[in-house]
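Right, one structure below, let's go through it.
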Amino acid sequence: MSRKKVIFIIPSLGAGGAENVILTILRHLDKRAFDAILCIVHFTGRLKDRLPKDVRLIDLGCERVRHAFVPIISLLNREKPDTVCTTVGHLNLLILMVKPFLPQKTKIIVRESSIPTESMHHSGQARWYPIYKIFYNRADALIAQSAAIKNDLVLNYGVNSAKV
């Protein structure tokens, strides 16, 4: 049986919950079934010492996610992963925006850990509403951390509930 290549992409190794979730998945992923790669937009943060030793690390060396469009497209076309997994809203959006430029067989799984409508409202980022509505349906699958997040994605952004 050939292993599936999965690339996990995170902005940094900051002390956030999203980073810890990805590191936990990487520690417990069956290495016989998956060839796991961790791609970090900017290799910084206090969680560096928690990186699993058996996971290949790629540092894009970009200061910000918004500067990583071309490096991410280049990386994913070079590596040709079966699946790309992201977490954190703005990185999810970037991956979904560049999906047409990626190998067709590559599946995109995004994880949403907060209720987008509430997060955008509280942070004054309401301008992102239409962007979520346009791009979130491009995901092959979405992981919602709660039923409230799933409901928000389905009701407010038109995400197909079968994908969540």
>> Let me spell it out: the conditions are (1) open to solvent by 80 Å² or more (accessible area, probe 1.4 Å); (2) without any contact (Cβ under 8 Å) to a residue 40 or more places away in the chain, and Lys80 meets all of them except one. Which number is the exception?
In response: (2)
> Taking the condition under 21 Å from Gly17 (Cα atoms), touching a Leu at 6+ places or on another chain (Cβ under 8 Å), without any contact (Cβ under 8 Å) to a residue 40 or more places away in the chain and not aromatic (Phe, Trp, Tyr), does Leu102 pass?
Replying inline: no
>> I'd like the full set of residues that are of a type in the set (Gly, Ala, Ser) and either in contact with a Pro (Cβ under 6 Å, 6 or more places away or on another chain) or assigned to a loop (DSSP other than H, G, I, E, B) (or both), limited to segment 6-33.
In response: Ser12, Gly14, Ala15, Gly16, Ala33
> Do you know which residues across segment 12-24 are surrounded by fewer than 17 Cβ atoms within 10 Å (Cβ to Cβ) and under 21 Å from Leu75 (Cβ atoms)?
Replying inline: Gly14
>> For segment 128-164, give me each residue that is among the basic types (Lys, Arg) and out of contact with any strand residue (DSSP E or B) (no Cβ under 9 Å at 6 or more places or on another chain).
In response: Lys133
>> Looking at segment 134-164 only, could you name the residues that are open to solvent by 40 Å² or more (accessible area, probe 1.4 Å), under 22 Å from Cys85 (Cβ atoms) and part of a helix (DSSP H, G or I)?
In response: Ile134, Asn137, Arg138, Ala147, Ala148, Lys150, Val154, Ser161, Ala162, Lys163
>> Looking only at residues that are under 9 Å from the mean Cα position of the chain (by Cα), part of a helix (DSSP H, G or I) and among the aliphatic types (A, V, I, L, M) in segment 65-93, which one is farthest from Ala33 (Cα to Cα)?
In response: Leu93
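Answer with yes or no whether Ser113 is open to solvent by 40 Å² or more (accessible area, probe 1.4 Å), at pLDDT below 90 and out of contact with any strand residue (DSSP E or B) (no Cβ under 9 Å at 6 or more places or on another chain).
Working: open to solvent by 40 Å² or more (accessible area, probe 1.4 Å): yes; at pLDDT below 90: yes; out of contact with any strand residue (DSSP E or B) (no Cβ under 9 Å at 6 or more places or on another chain): no.
Criteria not met by Ser113.
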> Is there a residue in segment 63-72 that is closer than 17 Å to Val98 by Cβ, open to solvent by less than 30 Å² (accessible area, probe 1.4 Å) and at pLDDT below 95?
Replying inline: yes
> Looking only at residues in segment 1-11 that are touching a Ser or Thr at 6+ places or on another chain (Cβ under 7 Å) and more than 14 Å from Gly89 (Cβ to Cβ), which one is least open to solvent (accessible area, probe 1.4 Å)?
Replying inline: Val6
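Pull up segment 94-106, narrow it to residues that are of a type in the set (A, V, I, L, M, F, W, C) and outside any loop (DSSP other than H, G, I, E, B), then point me to the one that is surrounded by the fewest Cβ atoms within 10 Å (Cβ to Cβ). Give the steps one after another, and end with the answer.
Kept after step one, since they are of a type in the set (A, V, I, L, M, F, W, C), are these residues of segment 94-106: 94-98, 101-102.
Next cut, outside any loop (DSSP other than H, G, I, E, B) only: 94-98, 101.
Numbers: Leu94: 22, Ile95: 26, Leu96: 20, Met97: 15, Val98: 18, Phe101: 13.
Among them, the one singled out is Phe101.
The values are calculated or read from the model by the stated rules, or taken from the named source; none is laboratory data. Because the structure is a prediction, the values reported are computed rather than measured. Glycine also receives a Cβ, built like all others from the backbone with ideal geometry; neighbour counts cover every protein chain displayed. Note: accessible area is taken over every heavy atom of the protein model, side chains too, but ligands, DNA and RNA are not part of it. Shrake-Rupley method; radii C 1.70, N 1.55, O 1.52, S 1.80 Å.
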